[in-house]
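Coordinate-derived values only; no laboratory data. Note that the coordinates shown come from a computational prediction; the quantities given were computed from them, not determined experimentally. FYI the Cβ positions are ideal-geometry reconstructions off the backbone, even for glycines, and counts take in every protein chain you see.
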Amino acid sequence: MWVYAAHNPSLKAGVAFYGPVVDPEGQKAIWRRARLRLAPEMKAPLLGLYGEADQGIPVAQVEAMKAALADANKTAEFKIYPGAPHGFHADYRPSYRKEAAEDGWAQLTAWFKKNGVLG
């Protein structure tokens, strides 16, 4: 979502459910521009929903993205779910956390309504 939001001027709003905020090692050259460095280019209001216990996306990285977007004067909000691991919204995985998933969905729908994506 982060890369897409930096490149699509038609995007009304975006939501990342535990989407990486830094580029993985060895990624193809075309995508090597770090997501954090794309913050000034974000085209839409963004909502990030992350788990505090996500082993692949540390809270420090999420906070760095939050700061980069704030420094670029971009509209963004973040919610970090205490104790939630990566995949907390995937009800078919052991990492599913019902309370966080339901709240995340409510956050997503409210965000999309607020930004004119949903009526």
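Quickly estimate the mean residue ellipticity at 222 nm for the chain, helices only: each DSSP H run with n ≥ 4 gives -39500 (n - 2.57), and the total goes over all residues, rounded to 500. Computed ellipticity for the chain at 222 nm equals -9500 deg cm²/dmol. Just to be sure I understand: if I project the alpha-carbon convex hull of the chain onto a plane and average over all orientations, what area do I get in nm²? Averaged projected area of the chain's Cα convex hull equals 7.7 nm². Highest GNM mean-square fluctuation among L46, L69, L11, for the chain modelled with Cα contacts below 10 Å: L11.
Over the chain, what relative contact order in percent results from Cα pairs under 8 Å that are six or more residues apart? Could the numbers behind the result be given before it?
On the way: 196 pairs, mean separation 30.0, N = 119.
Taking the mean separation of contacting Cα pairs over the length of the chain, I get 25 percent.
With the charge dipole of the chain set up from +1 on Lys and Arg Cβ and -1 on Asp and Glu Cβ about the Cα centre, the Cα lying farthest toward the positive end among the listed residues P94, A84, Y18 is that of Y18.
Could you work out which residue, out of G56, G104, G87, moves most in a Gaussian network model of the chain, that is, has the largest mean-square fluctuation with Cα springs under 10 Å? Top of the fluctuation ranking is G56.
Modelled spin-label separation between E52 and V22, with each label point placed 7 Å from Cα along the Cα-to-Cβ direction: 2.1 nm.
Per-residue extension of 0.36 nm, minus the Cα-Cα distance of A60 and D91, leaves a gain of 8.6 nm for this segment. Placing unit charges on the Cβ atoms only, positive for Lys and Arg and negative for Asp and Glu, gives the chain a dipole magnitude near 440 debye about its Cα centre.
Remark: spin-label model distance K79-K113 equals 1.3 nm, labels positioned 7 Å along the Cα→Cβ axis. Within the straight-line cut-off of under 14 Å between alpha carbons, the aspartates and glutamates reachable from K79 are E52, D54, E63, E99, E102, D103, sequence neighbours fewer than 8 places apart in one chain being disregarded.
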